[in-house]
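Worksheet: one structure, shown below.
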Amino acid sequence: MNVKKYFVRALHRLQKGPGYTYKELLVWYCDNTNTHGPKRIIKEGPKKKFVWFFLTLLFASLVFWQWGILINTYLSYNVTSSLSIGFKTMKFPAVTVCNANPFKYSEVKPLLKELDRLIEAALERILQPSQGGSVLPLPLNGSDNLSQALDLSLWNQLPLVLIDEHDKDHPVIVDIFETNQTGLGNQTAAPDASNTTSEEKKYKLAVKLCSHEGPGNCIYRNFTSAAQAVTEWYILQSTSILSKVPLQERIRMGYQAEDMILACLYGAEPCNYKNFTQIYHPDHGNCYIFNWGMDEEALNSSNPGAEFGLKLILDISQQDYIPYLSSAAGARLMLHQQRSFPFLKDQGIYAMAGTETSIGVLVDELERMGYPYSDCTMNGSDVPVKNLYSEYNTSYSIQACLRSCFQNRMAEICGCGHYMFPLPEGVNYCNNEDNPGWAYCYSSLRSSVGHRQFCIDSCKETCNDTQYKMTISMADWPSEASEDWIFHILSYERDMSTNVTLDRNGIIKLNIYFQEYNYRTISESAATTIVWLLSSLGGQFGFWMGGSVLCLIEFGEIIIDSLWITVINAISWGKGLKQRRARARYPDAPPTVSELAEAHANPGFQHEDSGAQPAAALPPEPGTPPPNYDSLRVRPAAPGPDGDES
C-alpha cells in the first residue's frame, strides 16, 4: 500500500513538470551550470551580454567541430606498427624441393612426340633463309617432305603465325604451315610491351587464339622474341595433352624421391628420402617437403649456424629434361610454415646445378589486427571464395585464395578448369578436343583487369604470418680436385655401379640454417583507443568551455526537462482540443445535479437556458417504486496525493 502511495505521489509531482516555461528553464540552467560563459550571459549588461553570448556560441561551435574530428579519427581505426626483437628456440621451417623440369623426358616423350615434331618443323621454317629480303618463311610446296609427315590437326588448334608489320595499316598474317597470306581484318593483335621504331624489326611471332564461336573471333598474342612465343605455345599445347593423363600416371613420369635425394643430414642426425612428404605440383611435378608437420611434430633447431641446419645433395638429371618445356635447369626450393601449401612459382628460388648453395634464414613474424582495423582473416572461414587447396589439408593463404578464385571464375566462364590449379567439384580440365576455345578464354580471363580485381577484393590477407628472409651465397661444388672421388661415391651409392653416372650438370648441394635465434615481430596496435577518445573529448571541452563530465550531465538534464515540458504541453493541448470539440457538439451547458432532481420531482420544471416548452408530465404507472435521490447527493471530496483535499 505504501508503494502505491509513493508512485501516486511521484506521478502527481511529475505532472507538475520541472518548470513553467522554456525561458524560465533556460534561465535556471544558465544561473546554475558549472560551464563558463552561460552565467555571464544572464548577469551582465546588454553589451557584455551580447559579447558573452557570441563567445559562448563560438567556443561551443569549436568544441563540436573538434569533437567531430576526434570521433571521425577514432572511427577510421588507424593502426601503428611496432618492431620488437626476441630470442628463443624456433621451429625449423618446412623445406620444399622440386626439380625445375616436371617430368622425365624419357617417360613423357610418347605423349609429346607429335608436338615435338611440329615445333621442330616450325623452328626450321622460322629460321630458314628469307626470300627477296622478306622476313616471311618460304611457302610450302608439294615436295616439302617435312610437311607431309606432320599431323597438322594438332597445329591448327593453336597455330603459330608471323605478323608482318611493314605496312602498319594493313599487316600481313602468315601461318607457318600455310601458303596463303591474309590481312588482319577484324581480328585483334594483342599489344606487346616493346616500343618498336622504324629501324627495328617489323615482324613478330604470335600465337593465334580463337574462341569456340569460330575462326572469325580470334586474338594474337604477340611476342618480341621467337623463343618466348615457342615456349608459350608449347606450354599451352602440352597443358592440353597432359590434362588428360591420370594423376597417378603423372606422378610416375616425374622424378622419384629415391632418385632425386642422394644425401640428407639434419644437424647431427642422418635422414633420407623417407623423411620427406611427396606432393604433386602442376608446375614442377613431384615435390618433396621436409618438416611439413602433417604426420608428426615439427622439428626445432637446436642452435643457429650451418652445422645445425639441413644439408641436402640432389640429382636433377638434367640430361632427361624436356627440351621445349623447361629452359631453366636446377632445383626449385621454398621455405614456408608447417601445414601450408608451397607456391613455388611465386615465392620459390632456384639453386643452380654444380654449386653448393648456402641459405641463411632470419624470421619475421607479422601480427595484424583484425576487423575493424584491417581486412584480414584468421583461418579463411570468412572469405567468400571456396579454397580448392583444402584437399591438401593445408592452412589458408592469400595465394591459395587467389588461385582458387581464378579457377572458379574459369570454370564458370570457360566451362573447364586450368591444368595448373585444383579442380572444383564436377569440373574437368581443359583440353583442345573437348574445349576448343579454352586457350582463348584462359588468355582473356588472365589479362582481364576486372577479373583480377574481383579476386583481389574477394580474398584477404592472413592476420598472423611468418616470413623467412634468406641470405643466399653460392660456390662451385664439387671442386675440380675432389669431383672425381665424390662422383664415384655418389654414383655407387645410387646405382651400385663402379662407373661414374653423375656429373656437375646434375648435382646440387644445399645448406639451409638459421643465421641467429633473434627473430623480429612486427605487430599492429590501435592508434586510437576509447581512452584516447574520451581524454581528447574532455580536453577539448575543458580547454574551450571550462567544462567537465558533470557539465554534460547538467546539459543532459535540461534537455530531459525540456522534453518533459513539451510532453506536458502536448497533453494539455490535446485535452483542450477535446474539450473544444465537446463544446462544439453540445453548445448548451449540461444541467446540474440539483436541476436534475428538481426536474424529476416537478415534471413541469424548465431549465433556465432552455427555450423549449416543457413536456406534459405523465403520471407514474401503478406499482412504480419512488426514485432514489441518495445517488444524486454530493459526496465529500477525497484527499489529494499530497494529503490535501482537491
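Of note:
- Sum of side-chain charges, residue 525 neighbourhood, beta-carbon under 11 Å (Lys, Arg +1; Asp, Glu -1): -1
- Loop sites in segment 480-535: GluC sites (Glu not before Pro), DSSP, at most 13 other Cβ within 10 Å: 480
- In straight-distance terms, cross-link reach from residue 113 covers every one of the lysines whose alpha-carbon lies under 24 Å from its own, apart from those fewer than eight places away in the same chain; here that gives 104, 208, 244.
- Solvent-accessible area of residue 560 with every protein chain in place, 1.4 Å probe, in Å² to the nearest 10: 110 Å²
- Dipole axis of segment 377-462 (+1 Lys, Arg; -1 Asp, Glu on Cβ), positive-most option in 437, 392, 451: 451
- Exposure of residue 346 as accessible area (Å², to 10), given a probe of 1.4 Å and all protein chains: 80 Å²
The values are calculated or read from the model by the stated rules, or taken from the named source; none is laboratory data. In this text the structure is predicted, and so the values were computed from the model without any measurement. A quick note on method: Cβ atoms are made from the backbone with ideal geometry, for glycine too, and the neighbour counts reach across all protein chains shown. These area figures cover heavy atoms from the full protein model, side chains too; ligands, DNA and RNA do not enter into them. Shrake-Rupley method; radii C 1.70, N 1.55, O 1.52, S 1.80 Å.
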